[in-house]
Amino acid sequence: MKDLTAILMGDPGVHPRRAPTQQEIDQMKLRTAYEQKRVHARWSPLRDWKIGEVRTFATLREAKAKVSGLYVKGMCGSIRTKPDGTYTVTRMH
């Protein structure tokens with residue numbers, strides 16, 4: 001009589017391998033195509049800012065979002081209000 005312990009416990013080395021179905025092949029192709037287009041998680045357009053670079057935004061909300069994004073990535077920025085009502089964000093370091 002064969003010992004069924006490994007099969008019942010789910011040992012992957014005991015189960016015979018089968019060829020993937022066409023649906024599984026298509027899912028893997030979609031997954032790998034997406035991963036090839038995926039940008040690395042640490043890259044951000046904020047990293048392209050040079051130290052001392054100034055960018056102008058129309059609303060305070062946009063400016064605050066950029067400053068907080070810089071802060072999250074370990075950089076520092078400051079907001080200034082211009083006389084025409086726009087806001088400038090300067091990357092400090």
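Every read-out reported here was derived from the displayed coordinates using simple, explicitly stated rules and does not represent laboratory data. The model shown is predicted, which means the values in this text are computed figures rather than measured ones. Because the Cβ atoms are built from the backbone with ideal geometry, glycine has one as well, and the counts that use them run over all protein chains shown.
Quick look at the values:
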read-out: Inter-probe distance in nm under a simple model that places probes 7 Å from Cα toward Cβ, at MET28 and LYS50; value: 4.7
read-out: The range 45-91: Cα Rg divided by the 2.2 N^0.38 Å rule of thumb; value: 1.05
read-out: Under 15 Å, Cα to Cα: Lys pairs in the range 45-91, sequence gap 8 or more or different chains; value: 4
read-out: Note, ³J(HN,Hα) from phi for the range 57-74, Karplus 6.51, -1.76, 1.60, rounded to Hz, x at Gly and Pro; value: 10, 7, 10, 5, 4, 5, 5, 5, 4, 5, 5, 5, x, 4, 4, 4, 8, x
